[in-house]
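In what follows, a structure is listed as structure tokens, so that the remarks can point back to it.
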Amino acid sequence: MANKKQKNGKKSKVRAAAKKSARKVVKLASSTKANGNGLPKPSSKPYGQAGLALQGVRILDFTHVQSGPTCTQLLAYMGADVIKVERPGAGDITRGQLRDVPNADSLYFTMLNGTKRSITIDSKHPKGMEILNRLIKTCDVLVENFAPGALDRMGLTWDYVHKLNPRMIVASVKGFGPGPYEDCKVYENVAQCAGGAASTTGFREGPPLVTGAQIGDSGTGLHLALGIVSALYQRIRTGRGQRVLCAMQDGVLNLTRVKLRDQQRLKHGPLTEFRQYGEGVPFGVAVPRGGNDSGGGQPGWILKCKGWENDPDAYLYFITQAPVWNEICDVIGEPEWKTHPDFATPKARLPRLTQIFGRIEQFTKTMTKFEAMDLFNKHDIPCGPILSMKEIADDESLRTTGTVVEVDHPTRGKYLTVGNPIKLSDSPADVRRSPLLGEHTEEILSKVLGYSASQIAEIKTSGAITAPDKSKAAA
Ligand code: CAO
């Protein structure tokens, strides 16, 4: 009997709890309505003063060279606290690569590691691992782009990290995804070649070409940043972390997808927007290199402008956009092309692109690229000057928007860096200089990880955060 009573009591407690939680759900649903999908009420603070987008997110940054650092720099610009872990005495290899100022961190490093904090930790030292364990517990995301297997060899397997911090997101860049090449080390140009960019870049008569835009490294870093932010968003619902993997081959292919489009179009006939179609050169089995042909539905080409004989960048990209064809004909002085059957329609023009661009070039050669830009834009004709890096570095409007930023560095002085190309109206970009090697080691040990002064002194003598003493090693 007593047992029955107890059971009934338990049941009614359970029912009461269920009712309470149902009320909670109803309450949540009504507040959801009031506040918009359960989000906090809109801030009353002026735009730009409600903190940064990723404020409160802490990143354990194990990245090096370019792909990973691009990702974590962007997250730092968005407000994340990025703690870059570097090997004591050495650091990210790029600190010393392509050095222009003696004894100062290279621009390679400084332009990819702004707004981060640097801590030196030897991950293969027992005390170093102890520090890393604390960092894992306090960070939201671990980002790395080591060679395949290196993170596991450090002991930081997914199972290990996930057990220490089930909320941790582990994000990696690798050269290739699972498959025959997954164990390979990869650099930028390898990814450009394996992702389909090189075979489709350059001129038909020449060899495959890599592009100066770092679509393998920086491009994959950008993909990874999106994966991390998505995983952080999903974690709000699930409460747990996950792995994020971006293979450089995949990232390049994603950026080269229009060429995979063209590969499939080839089955149905020649690619009529390529000049080679008009020139009567047959297509092979794969998408050819298209020179400066436009990758879209509106034919385009690079045209010489005044001064091209001496200035390698005196050129303009010109697009014969169909809706403004009549304006193009009037501006270049060929009004009869508006109605002539060989030129009046986009289809009729396709086999004559070489002739058409030749004629437009006769016109653009009479003016500078900036004069041409001004003139064509008055008529809504899409075109763009070929800008040299010098012109970009000096461009006032890019400085005004914060896309090009000058920062001051303790050992190299002022340098230009690329700021945040993504503009958020409520989250100003936080663009600051890169850290010196280990500049924030003590700060992070004490303020983030809570080590006392005596513990820090002990860590220092242990060798976990300092470079090995060469004289001792030699003796
Ligand atoms: N403490 C102790 N050891 C550390 C350390 C630290 N803080 N940081 C790194 N190391 C160790 C690693 O554990 C690894 O050691 P093991 O090989 O003995 O396990 C070692 O440093 C070197 O790592 P790595 O193999 O990643 O570096 P690498 O110079 O040989 O290769 C790269 C460089 C870029 C080819 C390779 O990292 C890679 O393929 N990464 C993935 C793809 C990628 O991001 N490529 C883009 C590079 S940008 O062009």
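FYI, it's all coordinate maths here, none of it is from the lab. Since the structure is predicted, the reported quantities are computational estimates derived from the model, not experimental observations. Here Cβ is always computed from backbone atoms with ideal geometry, including for glycine, and neighbour counts include all displayed protein chains.
Key figures
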item: 0 to 90° range, to nearest 10: angle between helix 126-138 axis and the chain longest Cα axis; result: 80 degrees
item: Neighbour cut-off at most 13 other Cβ (10 Å), DSSP loop, GluC sites (Glu not before Pro), region 202-310; result: 205, 279, 309
item: Hz values of 3J(HN,Hα) by residue in region 73-79 - Karplus curve (6.51, -1.76, 1.60), Gly and Pro given as x; result: 5, 5, 5, 5, 4, 7, x
item: Amide hydrogen neighbours beyond the local backbone of residue 65, cut-off 5 Å, H modeled; result: 93, 94
item: Quotient of C-alpha Rg and 2.2 N^0.38 Å, computed over region 79-191; result: 1.16
item: Qualifying trypsin sites (Lys or Arg not before Pro) for region 124-214 [loop in DSSP, other Cβ within 10 Å: at most 16]; result: 124, 167, 185, 204
item: Highest average packing first - 344-353, 313-322, 439-448, Cβ atoms within 10 Å; result: 313-322, 439-448, 344-353
item: Relative packing of 452-461, 46-55, 79-88, which averages over residues the other C-beta atoms within 10 Å, highest first; result: 79-88, 46-55, 452-461
item: Isotropic mean projected area of the C-alpha convex hull, region 64-119 (nm²); result: 3.6 nm²
item: Antiparallel content of DSSP bridges confined to the chain, in %, to 5; result: 40 percent
item: Region 229-374 - Rg over Rh from alpha carbon coordinates, Kirkwood radius; result: 1.15
item: Residue 264/residue 469 FRET efficiency (R0 45 Å; Cβ-Cβ; nearest 0.05); result: 0.15
item: Karplus (6.51, -1.76, 1.60) ³J(HN,Hα), θ = phi - 60°, over region 173-181, in Hz, Gly and Pro reported as x; result: 9, 10, x, 10, x, x, x, x, 10
item: Semi-axis lengths, Å, the chain, gyration tensor of Cα atoms, sqrt of 5 times eigenvalues; result: 51, 32, 24
item: Acute angle (nearest 10 degrees) that the helix 369-378 long axis makes with the longest principal axis of the chain, alpha-carbon atoms; result: 90 degrees
item: Protection proxy ranking of 416-423, 229-236 - average other beta-carbon atoms within 10 Å, highest first; result: 416-423, 229-236
item: Built amide H within the under 5 Å cut-off of residue 244, gap 5+; result: 170, 171, 172
item: Sequence-distant residues sharing a close amide H with residue 120 (under 5 Å, placed H); result: 86, 438, 441
item: Cα Rg, Dmax (largest Cα-Cα span) when computed across region 383-475, Å; result: 20.9, 67
item: Likely footprinting exposure, 184, 246, fewest C-beta neighbours within 10 Å first; result: 184, 246
item: Anisotropy class of region 168-242 from Cα gyration tensor, a/c 1.5 cut; result: prolate
item: Counting all C-alpha pairs of region 321-373, share separated by more than 15 Å (%); result: 47 percent
item: For region 361-366, 3J(HN,Hα) per residue [Karplus equation, 6.51 cos²θ - 1.76 cosθ + 1.60, θ = phi - 60°, Hz, x = Gly/Pro]; result: 5, 3, 6, 5, 5, 8
